[in-house]
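Remarks on the structure that follows.
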DNA sequence: ATAGGGTTAG
């Protein structure tokens, strides 16, 4: 009796395992995977776990942190850790952009004393390459040598790719030259390394010497020429390539966009028999870059199935072209669309920028709530956008906190912070930041000087502002209308209207309404009819519909007792309907 | 399994 029971038990166990194994050859949903794991645990079938991990990795199309957490949980609680599941998990994480996590798992695997495979190394190297994690990459390279994997093509190729991405072409070339066996991927890796470091000549040499080229080799060199502005060579390569895919077309379109030839880009786009999401984004972003919001929107509306990326491109288009209300409105539409999208970092970068342009004090806390709600992780891009927003809302300390927390302080970050100090009247801090920036070999741009001049303006430091303005040419910069506008404002507020007018008269370009408006405002502050009239005439001509200019001049007339002139203007103002632009309220979103 | 095209901040 007992004997038969044991035998029956064995039989059942065998059946279960057979069934489980076949189950683990099919695609799983996350829920199924969880159920199977529970079953495995209850029945003590732990040796099946690696198969489960592998199948989860293979089945996952849409990555989520909860899946990653689940996989890690299996690894950490496994009674018998095995190298295969760990390698699968490392690959899984590095494929889905979780580079830090992937590297962490690699380190854990080493600590557990599990023997790494070529699979482990290439995955962990990929994670370091993509996250430009030099220390990690170098330490893995050392382990590769130690474990004797330096003869494996996959691992060597991953190393070439690592050093290419790190920008260390000397080492990349050294590893590459030592390779006995090279495949197309190895060649492509060294090729893209040269292209990334801007060495098109070496890249071309490699390309011409490749024993075998695939569509990726062609695309790489094509986009290299397109990016350096040699669109003719890019086009010639495009014509000669034996096989084309989406990326080939998109790279060429992008090249035409960058060279300012949006018509050719559009013709190519129209000729494409099949377009993918990236083709549409490239075109929308192209129109955005050259300020053609209407054409961008037209394309966006033509697109039947919109995805997150196309929404991002269109929202960015509005934000970049000073239409913050439209940007926010589209953001709302995106959240309320039939197919809901989870906004990501890209979406929020534009949305924050839009809020900042609107200058709504309440935006800051709303944004933070929203970002938390969607699980958005802070990065330097977002932090820089938030610096600007908080500074505009007057919370300079919060802006400083964000600035101090940046991984890398670049030109845009410094400029945002300088501008933030500027509008908050912290001229000394702005100068300090500027000097720090120059010390760090970051070259100021026109926007940086807008921030600096704003600082001097708010502090009323006329001479310092003048000196700063004059120093722009030492940095190879030609002041724009914006800079002249600030200078006119600075001089004008100080009562130096004559000087301000002279500055305008000596401008190398046509002054815009901002410049004349600054003079008009200053004239009204000092009740100066002479310059007020001159400035006003220009403002009326440039922006006939803006009543504020007429009202300023009316005030000037009234202040000197010219009541008739004042009344005449007030009549005109009353006749005009004040055109109020309906805004889209950010706070209405829930 | 390893690689190519696109969207973000002042």
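Here is how the numbers come out for the structure above:
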| read-out | value |
| --- | --- |
| Residue A:333 paired with residue A:19, simple spin-label distance in nm, labels 7 Å along Cα-to-beta-carbon | 5.2 nm |
| Estimated translational D of the range A:257-345 in µm²/s (Stokes, Kirkwood radius over Cα pairs; 4 °C; 1.567 mPa s) | 97 µm²/s |
| Percent of C-alpha pairs per 20 Å bin, chain A, short to long | 15, 40, 31, 11, 3, 0 |
| Order of A:240, A:493 - criterion: other Cβ atoms within 10 Å of each residue's Cβ, fewest first | A:240, A:493 |
| At R0 = 25 Å, FRET efficiency that the Cβ-Cβ distance of residue A:530 and residue A:505 yields, to 0.05 | 0.95 |
| Cα-based convex hull, the range A:58-167, per residue volume (Å³, whole number) | 95 Å³ |
| Tilt relative to chain A, helix A:215-227 - C-alpha long axis, 0 to 90 degrees, to 10 | 20 degrees |
| Contour minus Cα-Cα distance for residue A:177 and residue A:66 (0.36 nm per residue) | 35.7 nm |
| Intensity falloff of the range A:344-419 expressed as log10 I(q)/I(0), Debye formula with alpha-carbon point scatterers, at q = 0.17, 0.27 Å⁻¹ | -0.55, -1.42 |
| Gain on full stretching of the segment that runs from residue A:559 to residue A:366 - 0.36 nm per residue minus C-alpha separation | 65.1 nm |
| Solution diffusion estimate, µm²/s, Stokes-Einstein, the range A:27-82, Kirkwood Rh from C-alpha pairs, 20 °C, viscosity 1.002 mPa s | 189 µm²/s |
| Added length on full extension, which subtracts the Cα-Cα distance from 0.36 nm per residue, residue A:138 to residue A:26 | 36.5 nm |
| Equivalent ellipsoid semi-axes, the range A:416-471, via Cα gyration tensor eigenvalues times 5, rooted, Å | 16, 12, 9 |
| Pairwise FRET efficiency - residue A:294 versus residue A:478, Cβ, R0 = 22 Å, nearest 0.05 | 0.15 |
| Percentage relative contact order, chain A, counting C-alpha pairs under 8 Å, at least six apart | 5 percent |
| Folded to 0 to 90 degrees: helix A:134-146 orientation relative to chain A principal axis, Cα | 20 degrees |
| Separation between Cα centres of the range A:96-174 and the range A:294-317, rounded to whole Å | 39 Å |
| Order of A:180, A:53, A:529, A:107 under a 10 Å beta carbon neighbour criterion, fewest first | A:180, A:107, A:529, A:53 |
| Tail fraction, Cα-Cα pairs, the range A:373-474, threshold 20 Å, whole percent | 34 percent |
| Sites residue A:100 and residue A:58, calculated FRET efficiency, Cβ-Cβ separation with R0 35 Å, nearest 0.05 | 0.90 |
| Whole-Å distance, taken between Cα centres, linking the range A:358-381 and the range A:15-64 | 39 Å |
| Degrees separating the helix A:30-42 axis from the principal Cα axis of chain A, which is the longest one | 40 degrees |
| Distance histogram for the range A:459-562 (every C-alpha pair counted, 10 angstrom bins, percent rounded to whole numbers) | 16, 48, 27, 8, 1 |
| Once the Cα gyration tensor of the range A:145-293 is diagonalised, semi-axes √(5λ) in Å | 33, 15, 14 |
| Mean Cβ neighbour count within 10 Å, used as a protection proxy, ranking A:86-93, A:145-152 highest first | A:86-93, A:145-152 |
| Stokes-Einstein translational diffusion, the range A:333-375 - Kirkwood Rh over all Cα pairs, 0.890 mPa s, 25 °C, in µm²/s | 222 µm²/s |
| Whole-percent pair-distance distribution, where bins are 10 Å wide, for the alpha carbons of the range A:141-182 | 33, 59, 8 |
| Quarter of Cα convex hull surface for the range A:257-412, i.e. mean projection, nm² | 9.9 nm² |
| Volume per residue that the Cα convex hull of the range A:206-309 spans, once the total is divided by residue count, Å³ | 103 Å³ |
| Footprinting exposure proxy for A:119, A:300 (fewest neighbouring C-beta atoms within 10 Å first) | A:119, A:300 |
| Inter-label distance, nm, simple model (7 Å from Cα along the C-beta direction), residue A:41/residue A:272 | 4.6 nm |
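Every number in this text was worked out from the coordinates using simple rules, so none of it is lab data. Computed from a predicted structure; not experimentally measured. Virtual Cβ from ideal backbone geometry, glycine too; neighbours counted across all protein chains shown.
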